[in-house]
Amino acid sequence: MTENFLKRYSFNIAANDFISAGKASSAIKGNLKSMGINAHIVRRIAIISYEAEINIVIHSLGGQLHCDLYHDRIVITSNDVGPGINDIEMAMTEGFSTAPESVRELGFGAGMGLPNMKKYSDDFKITSGSNGTEIVITIFL
Amino acid sequence: MRINEMASILNAEIITDFSDESTDINYGFASDLMSDVLAFATSDSLLITGLNNQQVIRTAEMMDITTVIFVRGKKPGKEIVDLAVENKLTILATDYTMFKTCGLLVINGMKGIEGND
């Protein structure tokens, strides 16, 4: 799986930092755009990456966002340290959210994040435990 | 719909303007929840919102949305305007409510995004 690997972009994402939230996804989008990748694919990746970034900010104690470029695909990986997700099936349900009211006032926590990430991906894997959550998303070029 | 026409209909202030001769926005999506914008809006739609923070601009950026109108008298602060300029985003602000804004845009020919892909 590594023979087609081209490049990795990595970002540290701080918990509760709503001012910086989106900077990593903006950088990812800018890099992919400048590489001439199809605008529709870049938009899908930007949305997925931004949802993942916002989730780290809202729900975790901090984490990393990676964007791996291969010849034939792009993989977004979100790793966080935190309480993890109790019930992944519920978390994948549109409209289900554990975000506090303070987060909703900022425009997020509508329970659309994970379903939306899945909707825009070609492959979606999520694992979560009491130490944190990992999401690996693939988009084929 | 052209930006100037939009501003005139809504008695809105044009805060940044990156529109050009080809700018003609015919669809609108209104929400204070950026989660819903990310889930349902389309890149050719006008974003109508009463949320006033930087994540509005970030959301528009990710969606390739080019134009945002802030309703209910929300005036974006300097950091929001700076981020909009960085992303070449046109932003307007009106004192009208979201309901009145949407209503006026619809009776002047703007459509919802349903069936628009």
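Quick look at the numbers
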quantity: Index of the failed condition, A:Glu101 passing every other in (1) out of contact with any helix residue (DSSP H, G or I) (no Cβ under 8 Å at 6 or more places or on another chain); (2) away from every other protein chain (no Cβ under 14 Å); (3) farther than 29 Å from A:Ile37 by Cβ; calculated: (2)
quantity: Test: residue in the range A:69-90 that is within 13 Å of chain B (Cβ to nearest Cβ), touching a helix residue (DSSP H, G or I) at 6+ places or on another chain (Cβ under 6 Å), aliphatic (A, V, I, L, M) and more than 19 Å from A:Phe5 (Cα to Cα); calculated: no
quantity: Search result, residues across the range A:31-84 that are under 19 Å from B:Ala39 (Cβ atoms) and aliphatic (A, V, I, L, M); calculated: A:Ile41, A:Val42, A:Ile45, A:Ala46, A:Ile47, A:Ile48, A:Ala52, A:Ile54, A:Ile56, A:Val57, A:Ile58, A:Ile76
quantity: Within the range A:42-141, strands (runs of 3 or more DSSP E) holding 1 or more residues that are free of Cβ contacts under 8 Å to residues at least 24 places away in the same chain; calculated: A:123-129
quantity: Number of the exception - A:Asn31 against (1) more than 13 Å from chain B (Cβ to nearest Cβ); (2) assigned to a loop (DSSP other than H, G, I, E, B); calculated: (2)
quantity: Of residues in the range B:23-40 being more than 7 Å from every other protein chain (Cβ to nearest Cβ) and farther than 20 Å from B:Lys100 by Cα, the one surrounded by the fewest Cβ atoms within 10 Å (Cβ to Cβ); calculated: B:Asp24
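Every read-out reported here was derived from the displayed coordinates using simple, explicitly stated rules and does not represent laboratory data. This is a predicted model, so every value here is computed, not measured. Cβ coordinates were reconstructed from backbone atoms using ideal geometry, including for glycine residues, and neighbour counts include every protein chain displayed.
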